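Novice: Below: one structure in structure tokens.
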Amino acid sequence: MTWQREPWSNSRLASYRQCARKFFFGYVQKRQKLPTSIEAYVGISLHNLLEEIYRCKIDERKVEANWDLGQWVELYKLSFFKNMPNNVRIARKNTRPEMYYRDAERMLKAYWGEFAPFDEGEIISLEEMYSINTKSGFTFRGKIDRFMKEEEWVIIDYKTGKNVPKANIFYSDSQPLFYLLLIHANYPDVPLDKLYCRWKYIRGNIDFIRRTDQDELDDIEQQLDNIINDIISIPPLEENFPTKVGSLCWWCDFRGSCPEIKGKV
């Protein structure tokens with residue numbers, strides 16, 4: 001399968017918007033990435049633990065279903081250091097994995113304090129991959145952290161980063177609309193006026209809510225098709241995918257290969 005016809009995702013499109021050369025290295029040339037960053041690992045580890053907590057809620061026969069916070073913290077600490085890659089990448093100077101673990105533990109405790117005993121509603125899916133086919137025949141997919149039936153239907157996405165966007169940035173972000181599009185396509189009987197996305201910024205206990213309607217979904221689906229067609233129409237040569245130099249270059253998986261920043265960050 002050519003790179004043009006491989007499944008597309010929000011992260012794939014975000015990579016192109018962030019830096020065209022990063023997209024070229026990662027998705028066209030498929031160069032080897034740098035080791036996982038500690039920030040990414042914190043996010044992965046918390047996602048995995050929250051998934052396990054909610055799976056225990058579904059299957060109350062599991063011993064862990066009756067665990068208290070202290071037992072979950074103990075499990076998290078053990079798994080955090082056991083599963084952390086030996087070559088995990090720490091970009092910030094004078095920081096150690098223990099500092100990131102303590103930060104992650106604080107987020108876990110804050111989440112537990114807000115949501116325990118985790119009976120917000122009926123869990124429809126956990127960490128499930130959904131997909132659609134666009135009008136041009138591209139596959140677009142996304143993994144949704146949690147889909148639930150509360151008083152309404154809600155798509156929940158956990159965010160563990162330090163940067164919480166301003167409201168206008170969130171509402172201009174295409175990711176919530178992409179997720180609404182995926183769920184609406186896979187659950188057509190769910191009424192749109194009873195469906196919304198909740199972006200949960202665990203660190204600051206901040207929620208953003210995004211709703212939509214059919215006209216906006218039709219528009220975002222057409223935009224999705226147009227964006228993918230625009231990208232695949234570019235001749236796949238490195239010079240056609242310029243670097244966008246900025247503060248994120250330090251965390252880029254390909255900073256050692258990029259001619260614009262090699263040896264500069």
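The values are calculated or read from the model by the stated rules, or taken from the named source; none is laboratory data. These figures come from a predicted structure and were not determined experimentally. Note that we place each Cβ from the backbone using ideal geometry, even for glycine, and neighbour counts take in every protein chain shown.
Residue-by-condition table, conditions (1) acidic (D, E); (2) touching a Leu at 6+ places or on another chain (Cβ under 7 Å); (3) within 30 Å of D119 (Cα to Cα); (4) not assigned by TED's automatic domain parsing to the domain that holds R146:
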{"residue": "Y27", "(1), (2), (3), (4)": "no, no, no, yes"}
{"residue": "K33", "(1), (2), (3), (4)": "no, no, no, yes"}
{"residue": "E51", "(1), (2), (3), (4)": "yes, yes, yes, yes"}
{"residue": "C56", "(1), (2), (3), (4)": "no, no, yes, yes"}
{"residue": "E60", "(1), (2), (3), (4)": "yes, no, yes, yes"}
{"residue": "A65", "(1), (2), (3), (4)": "no, no, yes, yes"}
{"residue": "L69", "(1), (2), (3), (4)": "no, no, yes, yes"}
{"residue": "N83", "(1), (2), (3), (4)": "no, no, yes, yes"}
{"residue": "I90", "(1), (2), (3), (4)": "no, no, no, yes"}
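Novice: Sticking with this structure for a sec: What pairs come out if I take residues in the range 189-211 that are more than 19 Å from G161 (Cα to Cα) and outside the structural domain of K109 (by TED's automatic domain parsing) and pair them with residues that are among the hydroxyl-bearing types (S, T, Y) and crowded, with 16+ Cβ neighbours inside 10 Å whose C-beta lies under 7 Å away, six or more apart or interchain?
Specialist: L192/T212; R210/Y196; R211/Y196
Novice: Regarding E105, is this residue in contact with a helix residue (DSSP H, G or I) (Cβ under 7 Å, 6 or more places away or on another chain), charged (D, E, K, R), assigned by TED's automatic domain parsing to the domain that holds S233 and surrounded by fewer than 18 Cβ atoms within 10 Å (Cβ to Cβ)?
Specialist: Criteria not met by E105.
Novice: Which members of the range 156-183 meet the condition of being surrounded by 19 or more Cβ atoms within 10 Å (Cβ to Cβ) and over 18 Å from G43 (Cα atoms)?
Specialist: P176, L177, F178, Y179, L180, L181, L182, I183
Novice: Continuing with the same structure: Within the range 1-120, which helices (runs of 4 or more DSSP H) (wholly inside it) include 2 or more residues that are in contact (Cβ under 8 Å) with a residue 24 or more places away in the chain, among the β-branched types (V, I, T) and within 30 Å of R141 (Cβ to Cβ)?
Specialist: 38-58
Novice: Among the candidates I228, I156, I220, I183, which residue alone is touching a residue at least 12 places away in the same chain (Cβ under 8 Å), within 20 Å of the chain's Cα centre (by Cα) and not in a helix (DSSP H, G or I)?
Specialist: On the way: I228 fails: not in a helix (DSSP H, G or I); I220 fails: not in a helix (DSSP H, G or I); I183 fails: not in a helix (DSSP H, G or I).
Within the list I228, I156, I220, I183, the selection yields I156.
Novice: Being of a type in the set (V, I, T) and closer than 30 Å to N163 by Cα is the filter here, so list the residues in the range 16-68 that pass it.
Specialist: V28, T36, I38, V42, I44, I53
Novice: I've got another one for you. What single numbered condition from (1) in the same structural domain as N205 (by TED's automatic domain parsing); (2) more than 24 Å from E64 (Cβ to Cβ); (3) among the hydroxyl-bearing types (S, T, Y) fails to hold for Y158?
Specialist: (2)
Novice: Let me ask something additional. So which residues in the range 83-99 are more than 14 Å from T36 (Cα to Cα) and either in contact with a strand residue (DSSP E or B) (Cβ under 6 Å, 6 or more places away or on another chain) or modelled with pLDDT of 95 or more (or both), if there are any at all?
Specialist: Passing the criteria: E98, M99.
Novice: Sticking with this structure for a sec: Being surrounded by 14 or more Cβ atoms within 10 Å (Cβ to Cβ) and either outside the structural domain of I231 (by TED's automatic domain parsing) or farther than 30 Å from Q222 by Cβ (or both) narrows it down to one residue among Y111, Y130; which is it? Write out each step before concluding.
Specialist: Details: Y130 fails: either outside the structural domain of I231 (by TED's automatic domain parsing) or farther than 30 Å from Q222 by Cβ (or both).
One residue alone meets the criteria, Y111.
Novice: Same structure again: Kindly indicate whether any position in the range 234-250 is under 17 Å from the mean Cα position of the chain (by Cα) and more than 28 Å from P35 (Cα to Cα).
Specialist: For the range 234-250, residues under 17 Å from the mean Cα position of the chain (by Cα) and more than 28 Å from P35 (Cα to Cα): absent.
Novice: Now a separate question. Collect the residues in the range 22-45 that are among the aliphatic types (A, V, I, L, M) and farther than 29 Å from F80 by Cβ, keeping them in residue-number order.
Specialist: V28 - this is the single residue of the range 22-45 that is among the aliphatic types (A, V, I, L, M) and farther than 29 Å from F80 by Cβ.
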